[in-house]
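For reference, the structure is listed below as structure tokens.
The values are calculated or read from the model by the stated rules, or taken from the named source; none is laboratory data. Not measured: the values here are computed from a predicted model. Here the Cβ is made from the backbone with ideal geometry for all residues, glycine too, and neighbour counts use every protein chain on show. Remember, those area values only see protein heavy atoms, side chains included, never the ligands or the DNA or RNA. Shrake-Rupley method; radii C 1.70, N 1.55, O 1.52, S 1.80 Å.
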Amino acid sequence: MTVPQVEDEQEHHSALTVADDSNSADVPNLKGDWHNIFILLVLYTMQGIAGLGFYTGVAILMQTNKHITYKDQALFSIVTWSYSLKMIWAPLVDAFCIQKMGRRKSWLIPVQYLIGGCFIYIGNNINEWLPETEKPDVLKLFYAFFFVQILVATQDIVVDGWALTMLKKNNVVYASTCNGVGAPLGIMMGSFFLVLFTSENFCNKYLRFTPVTGGILTKEYLFYCLAVLFILITTLILIFKKEKEYRSEENYIKLNVIQSYLLIWDILKKPSIRVLMTALLTAEIGFATTEQSLLILKLIETGVPKHNIMVINSSTYIVNIITPIIISKYTSGPKPMSVFLKVTPARLIWNITFVIFIYYTTKFLTTYENIGFPIYYYAVLAILFIINNILGMTMKVSKFALFNRISDPRFGGTYMTLLNTFSYLGTFSSTSLAISMIDFLTFKECPLNYDNNCSTSNQNNTCITNGSSCIVTVNGYYVESALCILFGIGWYYIFRGTLKKLQVKSPSHWMVNVKNNKVKKNETTEYTMVENTQ
């Protein structure tokens with residue numbers, strides 16, 4: 001028997017094994033995995049707090065400051081792009097580790113200790129960078145939080161890769177549920193504590209019997225408390241959570257750094273991956289103007305009190321936590337993207353309701369400037385947020401369920417990170433672009449001087465000096481919303497059929513054929529030994 005024949009038979013046997021595994025993966029059973037589910041929930045919650053939780057909170061506090069423009073917000077929003085850049089160092093996370101500590105813990109422990117240290121540093125400077133009345137130092141906030149987001153993105157690489165081996169093979173689909181529950185919980189906690197518990201008005205109105213100066217927490221004390229919490233939880237994981245020897249993982253293959261980076265190219269060479277990448281990079285453009293963080297900024301700009309928005313937004317986050325649990329029985333099946341595609345048209349239609357709501361919010365403030373919003377206004381806002389959260393979270397969990405199903409577990413960190421990179425890049429770049437384009441698409445004029453288009457702060461001040469004020473003739477938010485919705489409709493009709501076909505391909509279709517490297521040489525040696533034996 002020749003070497004190629006042996007190789008063909010081995011590859012065929014491997015494909016059959018993968019097919020058998022995929023069949024067992026369709027029958028999840030959490031017995032014996034509940035403690036691992038809990039650990040993943042804790043880790044994803046920590047990720048949500050340090051990541052988008054504090055980013056959202058700082059963005060809201062900046063928006064309350066009248067000296068901040070949408071260009072400043074667009075700059076600060078770039079800190080979230082670290083999730084899109086993590087592919088640069090993801091292979092290093094897969095390639096390097098301390099064997100005695102564990103393949104994933106080697107990175108998780110120092111990264112989370114560093115996040116705790118960063119919180120201490122930010123706590124020492126947050127009052128200077130983010131004062132109550134003066135213009136925030138956007139650049140210093142950007143640098144500090146961008147570094148934190150780099151660490152959080154690294155933690156995300158580790159946890160996503162660890163989930164593929166921490167859970168039993170037939171329970172891996174629940175990793176997306178852990179992400180879908182833990183991350184929103186962390187985002188809610190981070191933004192809620194930073195915005196509301198540090199607010200004197202909110203605390204005096206809702207949390208105290210007698211008014212007192214300041215919130216129940218100061219910003220610096222909040223960061224100190226979170227630093228202690230991160231360090232404590234990380235220490236407990238270091239001591240009590242044992243990671244199985246990574247070389248005993250099924251189909252384990254050791255790659256050096258160069259091979260790990262070449263692995264990215266091997267993954268990208270797959271035609272199905274390139275199609276999926278294109279779909280992920282463009283999927284969120286249709287929903288960019290109704291992304292939650294931009295909606296909150298827009299509502300604050302129109303005059304809705306930030307405290308009321310945060311109370312409603314935080315209370316509706318429970319939906320983000322419950323939704324992944326409810327839909328897990330649908331996304332854990334063999335066709336998770338079918339759920340994604342069913343929700344897409346409904347979410348596009350729901351965009352229109354948000355645009356109409358913001359329009360009438362502006363009209364209400366213009367007509368009844370000195371009257372507060374009635375209770376039914378906030379009830380409607382809560383319903384809009386709840387439905388928007390359900391639709392968005394359903395699509396997110398569906399995507400992550402697909403990622404968990406198709407990722408090659410031998411290179412879980414790199415494979416999952418690559419897919420998540422496309423998803424995050426599509427989401428965060430769309431949001432940043434949407435924020436920055438609002439000012440560009442907005443047109444103003446000065447009633448006393450139609451040659452003054454109020455495009456700069458100097459022209460705006462000139463109009464005010466002459467006894468008038470700039471008025472908006474074309475609101476860029478509405479123009480942008482219409483363009484995004486039209487794009488989303490086109491995206492749906494282009495990718496609907498393609499994604500349905502991709503999701504039903506067998507796991508072996510997505511596995512990487514590692515060759516032209518050290519692993520291939522080892523395989524050749526094994527084949528030669530088999531041939532000589534025969």
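A few remarks follow.
- Selection status of Ile390, open to solvent by 20 Å² or more (accessible area, probe 1.4 Å), among the hydrophobic types (A, V, I, L, M, F, W, C) and at pLDDT 80 or above: yes
- Of all residues in the range 357-377, those being more than 25 Å from Gly488 (Cα to Cα), of a type outside the set (A, V, I, L, M) and exposed (fewer than 15 other Cβ atoms within 10 Å of the Cβ) number 9.
- Residue in the range 437-453 that is within 22 Å of the chain's Cα centre (by Cα), in a helix (DSSP H, G or I) and modelled with pLDDT of 85 or more present: yes
- Filter pass, Val79 being more than 22 Å from Gly190 (Cβ to Cβ), in a helix (DSSP H, G or I) and touching a Phe, Trp or Tyr at 6+ places or on another chain (Cβ under 7 Å): no
- Qualifying residue in the range 177-198 (condition: modelled with pLDDT of 85 or more, open to solvent by 10 Å² or more (accessible area, probe 1.4 Å) and in a loop (DSSP other than H, G, I, E, B)): yes
- Within the range 120-176, the set of residues being under 22 Å from Tyr224 (Cβ atoms), open to solvent by 10 Å² or more (accessible area, probe 1.4 Å) and in contact with a His (Cβ under 9 Å, 6 or more places away or on another chain) is empty.
- Hits in the range 199-224 - residues which are aromatic (Phe, Trp, Tyr) and in a helix (DSSP H, G or I): Phe202, Tyr206, Tyr221, Phe223, Tyr224
- Put simply, of Ile352, Ile358, Ile386 the only residue that is within 30 Å of Cys178 (Cβ to Cβ) and of a type in the set (A, V, I, L, M, F, W, C) is Ile386.
- Selection within the range 116-142: residues that are β-branched (Val, Ile, Thr) and at pLDDT 90 or above. The member of this set that is farthest from Phe76 (Cα to Cα) is Ile120.
- Filter result for Phe354 (within 30 Å of Ala95 (Cβ to Cβ) and either open to solvent by less than 10 Å² (accessible area, probe 1.4 Å) or in a helix (DSSP H, G or I) (or both)): no
- Residue within the range 309-329 that is open to solvent by 30 Å² or more (accessible area, probe 1.4 Å), under 30 Å from Ile494 (Cβ atoms) and part of a helix (DSSP H, G or I) present: yes
- Taking the range 87-171 as the region of interest, the helices (runs of 4 or more DSSP H) fully inside it that hold 1 or more residues being without any contact (Cβ under 8 Å) to a residue 12 or more places away in the chain are 105-129, 138-166.
- Any chance Leu341 is touching a Lys or Arg at 6+ places or on another chain (Cβ under 6 Å) and surrounded by 13 or more Cβ atoms within 10 Å (Cβ to Cβ): yes
- Asp8 in contact with a helix residue (DSSP H, G or I) (Cβ under 7 Å, 6 or more places away or on another chain), in a helix (DSSP H, G or I) and at pLDDT below 90: no
- Pair list, Cβ < 6 Å and 6+ apart or interchain, from the range 229-242 residues that are of a type outside the set (Phe, Trp, Tyr) to residues that are open to solvent by 40 Å² or more (accessible area, probe 1.4 Å) and modelled with pLDDT of 95 or more: Thr234/Tyr113
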